[in-house]
Amino acid sequence: MIGKIKKFNFESLLILNTFALVVTSYFFNNFYLLGVFTLFFSISLFTTKNGLKMIKKLNLLQNIKTGAPANHYKKSDTPTMGGVFMIIPFLIFLLIITIDLGSLKFLLLFMTILGFFITGFLDDYLSIKNKENTGLKTMEKFLLQSIISITFILLAYEKNLIDPLIIISDSLVINMNIFILPISFLVLVGISNSVNLTDGLDGLAAGCSGIVFYGLGTEILMKDQPELFVFSILCYAMSGICLGFLKYNSYPAKIFMGDTGSLSIGAILGSIALLTNSVFTLSIFSGIFILEALSVIIQVGFFKITKKLFHRGKRVFLMTPLHHHFELKGVKEQKIVEIFWKINVLLIILGIVLKINL
């Protein structure tokens with residue numbers, strides 16, 4: 001069915017996501033789920049539309065990295081830091097939940113996302129101020145992410161909020177023991193940076209994120225654990241936010257989310273997965289993000305190894321992350337995004353089918 005959709009654009013993705021949510025709401029007999037998605041989709045439309053005007057007035061415009069594909073230079077001076085108008089409504093919603101429930105796990109979740117949000121904001125601000133596509137240095141950014149992640153993981157582990165048992169199926173459970181700590185770090189920092197790397201084409205990261213949040217919210221519902229229901233609500237809220245932002249971020253983008261949005265989105269996915277023991281399923285849902293990150297790792301690793309062996313570095317891809325490779329192959333930007341969205345939808349279906357049958 002998905003393959004037959006010739007033009008899989010923003011409207012197509014919104015209709016598909018809404019239809020999936022209607023089915024999910026009907027199946028779980030809770031249309032509050034659809035209501036949350038609709039509410040935050042509307043909020044995101046409003047905040048992004050008005051935030052776009054604010055960003056233009058403040059002259060917060062994108063700088064294109066040297067060496068980027070030639071067609072990207074026309075995107076220079078596109079308003080950026082749109083993640084501010086995505087993440088702040090979510091943080092306010094999460095803060096209300098945290099105060100209402102008085103739960104440590106939601107407080108940890110709030111502080112972690114806030115930390116990644118501030119890190120992304122600083123990176124974007126310095127990038128604009130320096131008039132370059134780099135804000136914080138790589139090690140500075142990684143250090144901030146590491147401090148935030150380690151603090152979250154240690155506190156959550158100490159309070160038994162992170163389960164060392166990774167559940168693959170009812171009959172296959174892997175006890176990671178103390179190794180759950182480095183795995184948790186890899187999940188949180190890895191997914192955050194993977195979403196950040198994916199945010200290189202108009203609508204790619206926002207669209208994939210909206211899809212993944214729907215999948216994660218549904219998978220958590222399928223656990224049938226009442227204490228985790230709020231996390232599903234948070235996922236559906238973020239799905240709505242991402243698709244609301246996508247209205248203005250799809251090709252040709254009127255606004256970019258920047259690191260403010262991408263780092264925060266990854267942190268939300270990673271931290272919720274850790275707190276709900278959904279790491280295995282998230283690894284399937286986030287296949288596009290992981291593939292984009294792996295392409296960079298493979299490219300850098302292969303270049304360094306061949307340079308050491310042959311005194312001349314060689315490349316596997318024309319350019320990374322992977323979406324740039326296809327661009328340089330001559331595939332149109334919109335087509336790459338459509339294909340990646342479709343693959344992501346199929347990954348959600350695969351993850352849910354595995355959840356039902358394993």
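Structure above, values below:
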{"quantity": "Proximal charge balance of Ile349 [Cβ under 14 Å; K/R count +1, D/E count -1]", "calculated": "+1"}
{"quantity": "Whether the chain is rounded, prolate or oblate, judged on the alpha carbon gyration tensor where a/c under 1.5 counts as rounded", "calculated": "rounded"}
{"quantity": "Relative counts (whole %) of C-alpha pair distances in segment 126-240, using bins that are 10 Å wide", "calculated": "11, 29, 40, 16, 4, 0"}
{"quantity": "At R0 = 35 Å, FRET efficiency that the Cβ-Cβ distance of Ile297 and Phe31 yields, to 0.05", "calculated": "0.25"}
{"quantity": "Average Cα contact separation per residue, segment 9-279, under 8 Å, 6 or more apart, as relative contact order %", "calculated": "31"}
{"quantity": "Set Lys254/Lys335; Lys7/Lys129; Lys75/Lys141; Lys141/Lys335; Lys129/Lys314 screened for pairs whose C-alpha atoms are more than 27 Å apart", "calculated": "Lys7/Lys129; Lys141/Lys335; Lys129/Lys314"}
{"quantity": "Label-point separation in nm, Leu95 to Lys329, each point 7 Å along Cα→Cβ", "calculated": "4.5"}
{"quantity": "Linear extension gain, Asn59 paired with Ile343, 0.36 nm per residue minus alpha-carbon span", "calculated": "98.6 nm"}
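Taken together, the values in this text are just the output of simple stated rules run on the coordinates, not laboratory data. These numbers were taken from a predicted model, which means no experiment stands behind them. Glycine also receives a Cβ, built like all others from the backbone with ideal geometry; neighbour counts cover every protein chain displayed.
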